[in-house]
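All remarks here apply to the structure that follows.
The values are calculated or read from the model by the stated rules, or taken from the named source; none is laboratory data. Since the model is a prediction, treat every value here as computed from it, not as a measurement. Positions of Cβ are generated from backbone atoms using ideal geometry, with glycine treated the same way; all protein chains shown enter the neighbour counts. Heads up: the accessible areas ignore ligands, DNA and RNA and are worked out on the full protein's heavy atoms, side chains in. Shrake-Rupley method; radii C 1.70, N 1.55, O 1.52, S 1.80 Å.
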Amino acid sequence: MNKYLLYPGCSMDSSAKAYMESLNEILEPLNLHLEEIKDWNCCGATEYLGINLIPAYSLIARNLALAAKQMNPVNGTGGTRTVVAPCSACYLNLAKADYYMQERPTLGAKVNEALAAGGLEYKAGTLDVRHLIDVLVYDVGLDTIRSKVVRPLSGLKVVPYMGCMLPRPDYQHRWSDHEHPTELDDLLRALGADVIDYPLTTECCGGHMTQIGPETAFELIRRLVADADERGAQMMVTVCPMCQMNIDAYQNEANHFFGTNYHMPILFFTQLMGLAFGKEPGDLGIGVELVSARNALANIGVEVPVTQEPAAPRKKDEGLPMPRRWTKHEGRKEAVK
Amino acid sequence: MKPKFAMYWAASCGGCEIAVLNTHEKILDVDANFDVVFWPVAMDAKYKDVEAMEDGSILLTLFNGSIRNDENEHIAKLLRRKSKLLVAFGSCACEGCIPGLANLSPVGDIVHTAFNTITTDNPHGIYPRTSYDVPEGELHIPTLAKALRPLEQVVDVDYYMPGCPPESHQIAAVIDLVVKVVKGEAELPPKGATIGVGDSTVCDECPRARNVKMIKEFTRIQDIAPVDPTLCILEQGVPCNGPATRSGCNARCPQAGAQCIGCYGPAEGVMDYGARLITAFSSVIDATTPEEIDHILDGIPDPTGQVYRFNLAGSLMKANKSAWEKA
Amino acid sequence: MSDQKQERVGVYVCHCGTNIAGTVDVVDVANWAAEKLKHQGVIIAREYKFMCSSLGQELIEKDIKELGLTRVVVAACSPHLHEKTFRTAAKNAGLNPYLVELASIREQVSWVHTDKVVATAKSKAVVSGAVSRVIENRALDEIKVPINPNTLIVGGGVAGIQSALEIANAGFHVYLVEREPSIGGHMAQFDKTFPTLDCSACILTPRMVEAGTHPNITLLTWSEVTNVAGYVGNFHVTIKKKARFVNEELCTGCGICQEKCPKKVIDDVYEAGLGYRKTVYTPFAQAVPNFPVMDKENCTYFIKGTCKACEKFCPTNAIDFAQQDQMLNIDVGNIILATGYDLFDARRVSNYGYGRLPNVFTSLEFERLSNAAGPTSGNIVLRDGKTMPKSVGIIHCVGSRDKNFNNYCSTICCMQGLKFAHLVHERTGATVYNFYIDMRTAYKAYDEFYQRVLEEGTLFVRGKVAEVTDAARNDREKGKLIIQCEDTLAGKQRRIPVDMVILSSGLQPRKDAKEVGKLFGISCSMDGWFTEKHPKLDPVATMTEGIYIVGCAQGPKDIPSSVAQGAAASARVLDKILQKEVSLEPIKASINKEACSGCRICNGLCPFNAIAFIADDMVSDINPALCQGCGTCVAACPAGAISGTGFSDAQIMAQIDGLLLKNLEIGNY
Amino acid sequence: MTDDTFEPTIIGFTCNWCSYRASDLAGTARMKYAPNVRLIRLMCSGRLDPTFVLRALSGGADGVMITGCHPGECHYIEQNYKALRRFLLLRRVLTGLGIEPERVKLVWASAAEGAKFAAEATAFVEEIRKLGPLNWGKADSGQQTVDHEEPSTVHRPSSEVEVPA
């Protein structure tokens, strides 16, 4: 059941090497098997779709066609018809192509015409395209993840940063809420981290604006970093190579631009999972980030906190009670409705 | 002079004839009370002898088999003319039966399957031709119709006696009745009646226990282990045609541990047998979403064959679109 | 068609002024029917300007008598409009009313098609179908049943109270069932009502007291209907009277138990989660009845087995921990559902931050906040319980008019938002912003109220709010809630920092509306509101005879409309009661026991439990009193052993053939 | 309309409580839709016997439209689910008979959805128009006998003419 097809995408080889390394470290404890799609190609990232739809979708669909060929026909309803993309842009592109090839039959036909030149074909809807965190939270399950934690991240104050590409548009109602999804919060909580509510969790990091209009990107980065800092976060945690790169690599430039002095490290959630599972930081690609996470991680050290803090005695609350928190279960229920 | 009796065998397997012989000594009653004038499977006779008879001179003709080719059609019309009482005998004559399933394919495909598929030893790919000139003259073999028809679609039928084949005890009862009628001791049923049957469906004669049925999965009987020998077969998830099939066979198959396949045809007054089974099977499905329902229906791999195994040619639709569309 | 006797059919084609005749050549249709359908038994075909007029009806009656018609087809409007008219006419002339068929050539032809040739051809097909069918019709007798004069009203909000009082005052008995410990409903939670700003409690309490003391009203609070059987005039209802653990005979409503109870819990219902109540409680001071109830789930005694403070202090020994739920069976003739609404769960709009951001409030929370009897004694403060806001944003259409949640307009939120603006302004002097999509202030004196609020200085921003956040971008925004929206009148994006946000949440069907609908045999619309019989002409009746819907159970509405509907349904019920009996359509299914094989396939199909299996005979049987005539079992019987009156196989098959113009030459229109 | 234009004939089975009223509403609101649909009123979509559909198709209809209340909104509580189950099995059987499953359509339309009813009717007529006539009523499956011809795809070998003795 826990066997999936993996579409790594270009950045996992390069800028997000740490993501791939840490992912590889957590596969075994979670009993996950990812089978890389053979001969995959670039998904075209965020630019190509803006230029010419048919070649762009064909480029993406080639990967789907390859994956469909590779999926296990015997176990068609199980895990192997699921393509897992760790990168949010890759995930969105694959999901989008699958969705629009169904939604617009002419587009589907044209794309297949293009694929036919390479002897390939893809019937939209054959595959389940999912992001890594979706599979971890909803297939592997938080209970399993929690059970693998040997070094709880208590004391590490983090803000969960989902990025803008993952939850929207939510073609298959995968997320608890597409405006304020809580999957990353829940997962980090399961690792024991102190999760700070982060209202900007789905705000844009600037994407490729760092190349096109750096001033716009800097402002977007500043907002994210400043708010995380304001809320007392020691670290941001992300699920997206693009977000990680922008916050990490351009933070210093943004600091120069605004005359600020933020130092907000950003790591991949898989790196924190690896730490919580007791893996060595070096094996998880920790230390190569530009804004160093060393000080932040010092807060959890290597020594596991001895006891959990006793629950503070309930002091008499003068104020008015708060409504119950919105839970992901309610969110998914509503979405399905 | 004894009244005349005939029996004919059109497109069918011959099982009906054996069922008649299976009445054992009852067959002697036929001989004792009738003058058998035409029964190709049992005695030598020529079509021209029948043609020479006076119209209406045969009292009783049991016609088994359906109308597949022009020869069948010719004899059906001939026997109709010559007979007072024409009985559609057996499932083929009544509703098309298994040969009727050929109506799912165009004639060309049937011929092709018979003569040119891998199971046929026909190295030269030779096809029969319906007429051929030889030095002695032109030879003819019967020509296939576009589709197979039950008897009533070709000629007027007086009585129907379903079953594949009709149960011997039912045949015996009918022979008894006709003998009585001949002797003036009984009256004939109204024209058009189905005889030698019960007045309900197979479930009526089936001893198995039944409850309100809710099916989560259809399956094949060989895939359940163990089969409950006392519980309704449909309730165990096996599509059993019993609820829609006319009684009269003493629920022979369910009693023997197999599902009813429907050879006795529809109950009295039913216009389309398959429709009754469609509604029976769908009524017991325990699901509400199209996906769930479809998933359950996947357990019936050949729905058309399941609901029309014996009845296709006699159904409202009669045949697959391709069978009549392609000339 | 029977062989022995050919029916004598009359066909009457109505012009309906020009409604039909303008698009259909009615003369041609009549002539065609007379000629081409002669072999079916049509002996006369006429056309007339208005068949439904008394002259038109007389025409039919005369032909029935003089020509000896045995079947009548009227080609006119929808049977839902005039079937009754023509059936009555037939009856007057001595013909069984069920031997009349209406062929709808207005709603189904002339009004929906434009080409006269095509419309005329289709009319012929429709008439042919009706003629074929009517020949297979059988004479049926109407079923008359007496009406039980008692009425059940479910829901004790303002609409239910109004209904109950109207019927009770007319001298008939009412059972008023309420799920909560007290009647009063949502209106009892409000402080002021728009647009008059009169005190909600002041106008509602007298009605509640009247309902509570009326000799003709049996008040069943803390009770729920669990089963409904029967049909109009003869419903058998089971009601669960939940254990109060307080003996109503002994309790004086002094309130000492409540005072002495040591345990406080959040009151999710009456205080909308913004305040607390004890575990033995009356929800509010003016509750009717004023006996408290025990909240078993939270009561310390029920959890730990000790405490019983209430019992110790009760001066009349009214506390009874051994009390059990009671099941009551009552018989009623009519039922009014006044089950109200749920507030839209604002947490679903995650970008407005309700549930995450402390100072975002819902409308119902604000009602409690502004209510003098509420948790803050009417002080409008932030969630810390003390700080008065200096600026407040009120967001309209939360969960309404929004594809992501509910498409409909919740009707009351605009006025509610204006009321909030007024109250905030009056009590705190804060700057108030109202964010709206459209301002909807229909009905008497509503728009005047809007003008008044405008003049008070409330600021209005037209645009849907994108987000409420506490992520500040500059010092001005620090510590505030920032409302990000597009100001569509100014044509720009705005970020407005405020201290408090009030969400004017929409109304939603009750969570259990679908189940309740099922219980009472009525349907819900796509949105989940109960469906009325006709949206304009029959707004309080339902498709199920004897069941009525009033107030917000039918759709969002304000207090005046709810009260009007409450009264309207009562008038309908009184009408039924005074008629003493009601006739039911004789459309029923029955089983031919000879043909039934006892396969039991039909047994699971009837939602009204009308089909029973008789094990001794191994056959199934239908109870005609319970059968509602849907025909599902008729269609399902694999043996063809079930038949139905009014919609028999023979009728429908004949109509199919007729519509397909079998054996007729009129060409492919 | 010219003779060579195919005008489909469609029989519609409507529920008395929802879709028949929806068609009434379409009429009252003067919404125009394709005139090819001829309606039969049933008390409930649950009354729909598959025989009706077969009778219509074999009797000359090119398509059948079945309409009922939305799931969960049935006047008889849940009978439309039963109609749905029957419809899904019926479609499979029809497919086995070589009939395009699109010729039988199930539409949910509430009494308030006159516009939906009109739009669905028109859309269905266009779908059927694309499929072409069914002509079942006109086809008499048996009367015509045909020569034993092989499918055109099969190559007839030359040796065939030399019939062995």
Checking B:G90 against (1) closer than 30 Å to D:L94 by Cβ; (2) touching a Lys or Arg at 6+ places or on another chain (Cβ under 9 Å); (3) modelled with pLDDT of 95 or more; (4) open to solvent by less than 40 Å² (accessible area, probe 1.4 Å), only one condition comes out false. Which one? (2)
B:I195 - would you say it is touching a helix residue (DSSP H, G or I) at 6+ places or on another chain (Cβ under 6 Å) and facing another protein chain (nearest Cβ under 8 Å)? no
Residue among C:I336, C:I256 that alone is farther than 25 Å from C:I153 by Cβ and among the β-branched types (V, I, T): C:I256
Determine, yes or no, whether C:A635 is free of Cβ contacts under 8 Å to residues at least 24 places away in the same chain, surrounded by 18 or more Cβ atoms within 10 Å (Cβ to Cβ), within 11 Å of chain D (Cβ to nearest Cβ) and under 24 Å from D:R85 (Cβ atoms). yes
D:R30 crowded, with 20+ Cβ neighbours inside 10 Å, over 25 Å from C:C630 (Cα atoms), out of contact with any helix residue (DSSP H, G or I) (no Cβ under 6 Å at 6 or more places or on another chain) and among the charged types (D, E, K, R): no
Positions within the range A:97-142 being over 19 Å from the mean Cα position of the chain (by Cα), in a helix (DSSP H, G or I) and acidic (D, E), in sequence order: A:D98, A:E103, A:E113
Can you tell me which residue is most open to solvent (accessible area, probe 1.4 Å) among those in the range C:25-42 that are of a type in the set (A, V, I, L, M) and over 19 Å from C:L660 (Cβ atoms)? C:V27
Across the range B:300-322, the tally of residues that are at negative phi, in contact (Cβ under 8 Å) with a residue 24 or more places away in the chain and open to solvent by 20 Å² or more (accessible area, probe 1.4 Å) stands at 5
If a residue must be within 27 Å of B:Q306 (Cβ to Cβ), at the interface with chain D (Cβ under 7 Å from one of its Cβ atoms) and open to solvent by 40 Å² or more (accessible area, probe 1.4 Å), how many such residues does the range B:104-127 contain? 2
Give the residue, chosen from C:I20, C:I44, that is within 14 Å of chain D (Cβ to nearest Cβ) and either without any contact (Cβ under 8 Å) to a residue 60 or more places away in the chain or of a type in the set (A, V, I, L, M) (or both). C:I20
Among (1) closer than 17 Å to C:P181 by Cα; (2) open to solvent by 70 Å² or more (accessible area, probe 1.4 Å); (3) at pLDDT below 95, which single condition is C:K304 missing? (1)
Looking at the range C:540-569, which of its residues are open to solvent by 30 Å² or more (accessible area, probe 1.4 Å), within 14 Å of another protein chain (Cβ to nearest Cβ) and more than 9 Å from the chain's Cα centre (by Cα)? C:E545
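Having 2 or more residues that are touching a strand residue (DSSP E or B) at 6+ places or on another chain (Cβ under 8 Å) and under 18 Å from D:S58 (Cβ atoms) is the bar; report the helices (runs of 4 or more DSSP H) wholly within the range B:253-327 that clear it.
B:273-283, B:321-325
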Given the residues B:E167, B:E187, which is the only one that is of a type in the set (D, E), open to solvent by less than 40 Å² (accessible area, probe 1.4 Å) and more than 10 Å from every other protein chain (Cβ to nearest Cβ)? B:E167
Being closer than 30 Å to C:N234 by Cα and either surrounded by fewer than 20 Cβ atoms within 10 Å (Cβ to Cβ) or within 14 Å of chain A (Cβ to nearest Cβ) (or both) narrows it down to one of C:D295, C:D331, C:D320, so name that one. C:D331
Residue under question is D:I40, and the condition is that it be more than 14 Å from D:T122 (Cα to Cα), assigned to a strand (DSSP E or B) and facing chain C (nearest Cβ under 7 Å); does it hold? yes
Residue in the range B:219-230 that is open to solvent by less than 60 Å² (accessible area, probe 1.4 Å), farther than 21 Å from B:S247 by Cα and within 12 Å of chain C (Cβ to nearest Cβ) present: no
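Yes/no matrix, rows are residues, columns are (1) under 16 Å from C:I656 (Cα atoms); (2) hydroxyl-bearing (S, T, Y); (3) in contact with a helix residue (DSSP H, G or I) (Cβ under 7 Å, 6 or more places away or on another chain); (4) crowded, with 24+ Cβ neighbours inside 10 Å:
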residue	(1), (2), (3), (4)
D:P8	yes, no, yes, no
D:G12	yes, no, no, yes
D:A83	no, no, yes, yes
D:L90	no, no, yes, yes
State all residues of the range D:99-110 that are outside any helix (DSSP H, G or I) and open to solvent by 30 Å² or more (accessible area, probe 1.4 Å); if no residue qualifies, say none. D:E100, D:K105, D:L106, D:W108
Determine whether C:A139 is small (G, A, S), more than 30 Å from C:A571 (Cα to Cα), touching a residue at least 24 places away in the same chain (Cβ under 8 Å) and surrounded by fewer than 24 Cβ atoms within 10 Å (Cβ to Cβ). yes
Extreme residue, nearest to A:Q234 (Cα to Cα), among residues of the range A:284-316 that are open to solvent by less than 100 Å² (accessible area, probe 1.4 Å) and at pLDDT below 80: A:G301
Among the listed residues C:Y270, C:Y276, identify the single one that is modelled with pLDDT under 95 and not in a loop (DSSP other than H, G, I, E, B). C:Y276
Given the conditions (1) open to solvent by 10 Å² or more (accessible area, probe 1.4 Å); (2) over 27 Å from D:G27 (Cβ atoms), which single one is not true for D:H75? (2)
Whether any residue in the range C:301-311 is of a type in the set (D, E, K, R) and under 24 Å from C:T218 (Cβ atoms) is what I want to check. no
I'm checking my understanding of the structure. Among residues of the range D:43-75 that are in contact (Cβ under 8 Å) with a residue 40 or more places away in the chain and part of a loop (DSSP other than H, G, I, E, B), which one is farthest from the other protein chains (Cβ to nearest Cβ)? D:D62
